[in-house]
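Read-outs throughout are calculated quantities, based only on the coordinates presented, and are distinct from any laboratory measurement. Values in this document were obtained by computation on a predicted structure and should not be read as measured data. In this analysis, Cβ positions are derived from the backbone assuming ideal geometry, glycine residues included, and neighbour counts consider all displayed protein chains.
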Amino acid sequence: MRASYDLQGRKALVTGGASGIGLGAVEAFLRCGASIAINDLPTSPRLAEGVERLKSEGHDVVAAPGDVGDADDAPRMVRDAAKALDGLDYLINNAGTPGTRLPIPAADFDAQDEAFWDKLLNVNLIGPYRCTKAAAPFLKASGGAIVNTASISAHGGGGSSSVYCATKAGLVNLTKEWARALAPDVRVNAIAPGAVDSPWECRFPDMFAEIETIVPLKRVGSPDDYGDTILFLSAGADYVTGQTLNVDGGLTT
Ligand SMILES: NC(=O)c1ccc[n+]([C@@H]2O[C@H](COP(=O)([O-])OP(=O)(O)OC[C@H]3O[C@@H](n4cnc5c(N)ncnc54)[C@H](O)[C@@H]3O)[C@@H](O)[C@H]2O)c1
């Protein structure tokens, strides 16, 4: 059963919102009557298509194209989104990149070179910082909330690369830092997804078949599973801040 809140008049910005988990969160907020700014890369055809489709279904959505990995573009995008929505109640820092189509073994230091570090740090770690900083005045004014999309790879034990794991571990840590920094006005939490049924560009060979046997809940998580948890941490969970919730069908147990 899907979570539901009355979010008429509430406004959310979802980064990386044109696909996968981000789109799941967008659809969860829209189901509750919120107005949404959907961010994604300006080059993503899914952004314009998604906004068009959701508008035609009668939802209040605006496109907020921008690159969270760019120091100038990210705050510009957040300010434009807040202006278009006339404020912000929720920021979902969800955009992320693996920077590789195939997992890179931890021992392959050469493949994880300076350019790779720069790319992943910029998008996965500094990106959420840029958006959080730019959104903070609006969120403080509304008494809002932030949800970051981390990963269970933040806890160790494998991800698409060591660098990726480090960015997500950093985001778990920043979730606690920002929870203290923005309290009591703004709550800050994170989800740590396990396997996701999304168009994520990095694939572990045979991962889905394997996951279905080792995950206690016997299935891969859908964008709706993640979107619903983001909705709960944003609009419910009034006494929860600084926490990262594993959303992984029990995999980490
Ligand atoms: N898919 C997985 O297995 C998995 C597991 C754990 C965590 N995650 C995290 O979940 C989040 C969403 O991933 P997903 O699985 O929905 O994948 P996805 O590829 O469907 O969605 C990611 C979206 O982010 C956008 N994006 C990438 N770089 C961006 C940038 N610089 N600025 C703005 N938008 C950008 C992409 O265009 C894409 O639409 C990511 O942060 C990812 O790290 C994914």
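The distance linking region 88-103 with region 143-214 is 9 Å (Cα centroid to Cα centroid, whole angstrom). All C-alpha pair distances within the chain, sorted into 5 Å bins from zero, spread as 1, 7, 14, 19, 21, 17, 12, 6, 2, 0, 0 percent across the bins.
May I ask you to sort S161, S4, S35 by Cβ crowding, counting other Cβ atoms within 10 Å and putting the fewest first? Working shown, then result.
Working: S161 25, S4 14, S35 21.
The fewest-first ordering by Cβ neighbours comes to S4, S35, S161.
Here the gap between E212 and S4, fully extended at 0.36 nm per residue and compared with their Cα-Cα distance, gives a gain of 72.1 nm. Note on the chain: GNM, Cα springs under 10 Å; of A12, A154, A107, the largest mean-square fluctuation is that of A107.
The mean sequence distance of close C-alpha pairs (under 8 Å, at least 6 residues apart), as a share of the length of region 116-177, puts its relative contact order at 38 percent. Given a Förster distance of 35 angstrom, what is the FRET efficiency for R180 paired with A106, based on the Cβ-Cβ distance and rounded to 0.05? Efficiency for this residue pair is about 0.65. By how many degrees, 0 to 90 and rounded to 10, does the Cα axis of helix 127-142 deviate from the longest principal axis of the chain? The angle comes out at about 30 degrees.
Per-residue Karplus couplings for region 73-85, computed as 6.51 cos²θ - 1.76 cosθ + 1.60 with θ equal to phi - 60°, are listed in order as 5, 4, x, 4, 4, 5, 4, 4, 5, 5, 5, 5, 8 Hz, Gly and Pro entered as x.
Non-local lysine pairs in the chain, meaning eight or more places apart or on different chains, with alpha-carbon distances under 14 Å, amount to 4. Just checking the listed ones, E114, E201, E177: in the Gaussian network model of the chain with Cα springs under 10 Å, the one fluctuating most is E114.
Largest mean-square fluctuation among R187, R53, R219, in a Gaussian network model of the chain whose springs join Cα atoms under 10 Å apart, belongs to R53.
What list do you get for L121, L233 if you sort them by fewest beta carbons within 10 Å? Kindly include the intermediate steps, with their values, before the conclusion.
Working: L121 16, L233 26.
The fewest-first ordering by Cβ neighbours comes to L121, L233.
Spin-label model, K119 to D70: label points 7 Å out along the Cα-to-beta-carbon direction sit 1.7 nm apart. Residues in region 109-114 carry Karplus couplings, in order, of 5, 4, 6, 9, 8, 4 Hz; the curve used is 6.51 cos²θ - 1.76 cosθ + 1.60 with θ = phi - 60°, and Gly or Pro positions show x.
Relative contact order for the chain: 22 percent, from Cα pairs under 8 Å spaced at least 6 residues apart, divided by residue count.
Fewest-first ordering of M77, M1, M207 by other beta carbons within 10 Å of each residue's beta carbon gives M1, M207, M77.
Between amide H atoms placed 1.01 Å from N, distances below 5 Å from D70 occur with no residue 5 or more places distant or on a separate chain. A cut-off under 11 angstrom between Cβ atoms defines the neighbours of Q243, and their net charge, with Lys, Arg +1 and Asp, Glu -1, is +2.
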